[in-house]
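A quick write-up on the structure given underneath.
The values are calculated or read from the model by the stated rules, or taken from the named source; none is laboratory data. Everything numeric here is computed off the predicted structure, so don't read it as measured data. Cβ: placed from backbone, ideal geometry, glycine included. Neighbour counts: every protein chain shown.
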Amino acid sequence: MLESYNRGEAVFKLFNLPVNTLNLAKQKIEQISSGAVELDFENFFGDITVFLRSKGASPLLFDKAVKSFINTFKRYIYADYLCELNENAIELLKISGRKISVAESFTGGSIASSLTAIAGASKVFYEGFVCYNTQAKIERLGVNLNTVREYTVVSREVACEMVRGLLEKSNCDVGVATTGYASPTGESDKPCGLCYIAVGDERKIQVFQYNFSGDREQITKQGKNAALFELNKFLKDNAI
C-alpha cells in the first residue's frame, strides 16, 4: 500500500454505502482538492472498491483528501488494499488463528462456498450447515422452538441462537448465521428482503438487520456479501 500511496494512489474496500453518497463524496474530494484528486468506484452487490488518485496534487493535499475519506466512511471500510470480502475474511482468520463455522438459511450455502473458494481456507474453515427448514435449525443448531413461536424463524433472536448453536456444537471459535426472506411471502409483516445476520464468538454475538431489494438471486447475493462484511468487521473489531 505504501508504495502505491507514494505514487498518489489509494484503494479502499467498503460495503453497503449508497451510490448517491459515494457521488457526493466524489464531489467533496474534488472540491477540497480543486480537482487535483479524483475518486472513482465500482459496486458489486454492495461490495465497493474506491480508488483515490492524485492528478498532480501535492503529497500533503493528497494525504488530506485520503484522511477526509477515511474519517467520513471508516465504519464502511473493511480493507485498505485491493481484495474481496472472502479473501480478507480468510486472511483475518488466519492472522487471529481462529476457526469459523457457518449456519445458513436464505443464503443457501453461498457464504461457505465463498470462503472455501479461497486457497488455504481449510486452515480456518471448520464446517457449514444449510439449515433451510425450521426443524433443521432446531435439531442441528439447538434453536429453541419457543423462540421460533414467539419471534418467528426470521428474527434477531433466531439468528442469535443459530450462532450460539454453532459455538456450542461445533469445534469453532467464530460463528456466522443468516435467516431471511429471499422471496415474497404474501404477508405484510414478513416483507421480501428482510434478513438477519448474526456473527459472534464466546464473548459476544452481534445481530444485524438488513432490508434488501431485488429478485431472489440478488437478495441472496446481497445477503452473502453482507454476512462476509459483518464477519470482516467483527474480526477486525474483536481481534485477539
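Tabulated data
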{"quantity": "Meets criteria (under 17 Å from F229 (Cα atoms) and either modelled with pLDDT under 95 or under 14 Å from the mean Cα position of the chain (by Cα) (or both)) for I48", "calculated": "yes"}
{"quantity": "Output for region 60-77, where each listed residue is more than 30 Å from T107 (Cβ to Cβ), free of Cβ contacts under 8 Å to residues at least 40 places away in the same chain and of a type outside the set (A, V, I, L, M, F, W, C)", "calculated": "D63, K64, K67, N71"}
{"quantity": "Residue list for region 31-49, restricted to those being crowded, with 17+ Cβ neighbours inside 10 Å, under 15 Å from S68 (Cα atoms) and of a type in the set (S, T, Y)", "calculated": "S33"}
{"quantity": "Condition check for F69: among the aromatic types (F, W, Y), part of a helix (DSSP H, G or I), touching a Gly at 6+ places or on another chain (Cβ under 7 Å) and over 27 Å from A121 (Cβ atoms)", "calculated": "no"}
{"quantity": "Residue match in region 142-165 (condition: of a type in the set (V, I, T) and under 21 Å from L93 (Cα atoms))", "calculated": "yes"}
{"quantity": "Residue in region 142-161 that is within 18 Å of the chain's Cα centre (by Cα), surrounded by 15 or more Cβ atoms within 10 Å (Cβ to Cβ) and of a type in the set (A, V, I, L, M) present", "calculated": "yes"}
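Conditions tested, residue by residue: (1) aromatic (F, W, Y); (2) surrounded by fewer than 20 Cβ atoms within 10 Å (Cβ to Cβ); (3) farther than 23 Å from G8 by Cβ.
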| position | (1), (2), (3) |
| --- | --- |
| F51 | yes, yes, no |
| L82 | no, yes, no |
| A89 | no, no, yes |
| R98 | no, yes, yes |
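Residue-by-condition table, conditions (1) in contact with a Phe, Trp or Tyr (Cβ under 8 Å, 6 or more places away or on another chain); (2) modelled with pLDDT of 95 or more:
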| residue | (1), (2) |
| --- | --- |
| R75 | no, no |
| L82 | no, no |
| K94 | no, yes |
| I100 | yes, yes |
| F106 | yes, yes |
| S110 | no, yes |
| A117 | no, yes |
| K123 | no, yes |
| Y126 | no, yes |
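Let's see how each residue does on (1) free of Cβ contacts under 8 Å to residues at least 60 places away in the same chain; (2) more than 18 Å from F208 (Cβ to Cβ); (3) among the small types (G, A, S):
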residue: T107; (1), (2), (3): no, no, no
residue: I118; (1), (2), (3): yes, yes, no
residue: T134; (1), (2), (3): yes, yes, no
residue: E139; (1), (2), (3): yes, yes, no
residue: L145; (1), (2), (3): yes, yes, no
residue: V153; (1), (2), (3): yes, no, no
residue: E157; (1), (2), (3): yes, no, no
residue: T179; (1), (2), (3): no, no, no
